[in-house]
Amino acid sequence: MATPLRAGDPAPDFEGTTTDGKHVALKDYRGRKLVLYFYPMDDTPGCTKQACSLRDGNADLAAKGAAILGVSTQGEQSHQAFTKKYGLNFPLLADTDGAVGRAYGTLGGDGIISKIKSVAGMADRVTFVIDEKGKIAHVIDKPDVANHAQEVLALL
């Protein structure tokens, strides 16, 4: 499923709890860029490659003024285990009710695969680069998981 959101659209507001138990919202990122990436499930091969690419590129992304926030429907405990296992240096948002995924169009939608994934609680893999004013600057519908940090850096 391709998200209905496009570059230039206002990023939908969101709020939730991260890996470290902190409450975060889109407004917390105003004044800096946000790499908001949705992924299907903690500790699976593609999701691990993507997270590790962003982990390894985090310093370069931060130097360009960008923060990273990963989003999936697993809870805080799953995110904590995933973070610890791979030494992730950015927070993961526990979107257990799927509200953030639905707001960004990564959960639900047309097509049999999207419907099956949605029933299983797995978001489509989509990355949004949100600018300092809360507008979507870029949408990456088909991220290159092994080289995702470089892919995002090229857009900043």
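The values are calculated or read from the model by the stated rules, or taken from the named source; none is laboratory data. These figures come from a predicted structure and were not determined experimentally. Cβ placement follows ideal geometry from the backbone for every residue including glycine, while neighbour counts extend to all protein chains displayed.
A few notes on this one:
- Number of the condition not met by ASP43 [criteria: (1) assigned to a loop (DSSP other than H, G, I, E, B); (2) out of contact with any Phe, Trp or Tyr (no Cβ under 6 Å at 6 or more places or on another chain)]: (2)
- Residue, surrounded by the most Cβ atoms within 10 Å (Cβ to Cβ), within the stretch 37-58, restricted to residues that are free of Cβ contacts under 8 Å to residues at least 60 places away in the same chain and hydroxyl-bearing (Ser, Thr, Tyr): THR48
- Test result for ALA81, free of Cβ contacts under 8 Å to residues at least 12 places away in the same chain, farther than 17 Å from LYS142 by Cα and either surrounded by fewer than 22 Cβ atoms within 10 Å (Cβ to Cβ) or not small (Gly, Ala, Ser) (or both): no
- Members of the stretch 126-152 found to be under 21 Å from CYS52 (Cβ atoms) and touching a Lys or Arg at 6+ places or on another chain (Cβ under 7 Å), listed by number: VAL129, PRO143, VAL145, ALA146
- Annotation: of all residues in the stretch 76-105 being aliphatic (A, V, I, L, M) and touching a strand residue (DSSP E or B) at 6+ places or on another chain (Cβ under 7 Å), the one that is farthest from HIS23 (Cα to Cα) is VAL100.
- Conditions (1) surrounded by fewer than 19 Cβ atoms within 10 Å (Cβ to Cβ); (2) farther than 16 Å from LEU107 by Cα: number failed by LEU34: (1)
- Search result, residues across the stretch 132-155 that are touching a helix residue (DSSP H, G or I) at 6+ places or on another chain (Cβ under 7 Å), of a type in the set (A, V, I, L, M) and surrounded by fewer than 15 Cβ atoms within 10 Å (Cβ to Cβ): ALA146
- A single member of LEU34, LEU61, LEU54, LEU88 is in a strand (DSSP E or B), modelled with pLDDT of 95 or more and among the aliphatic types (A, V, I, L, M), and it is LEU34.
- Taken over the stretch 16-27, the criterion of being more than 14 Å from LYS135 (Cα to Cα) and either in a helix (DSSP H, G or I) or in contact (Cβ under 8 Å) with a residue 24 or more places away in the chain (or both) is satisfied by GLY16, THR17, THR18, THR19, ASP20, GLY21, LYS22, VAL24.
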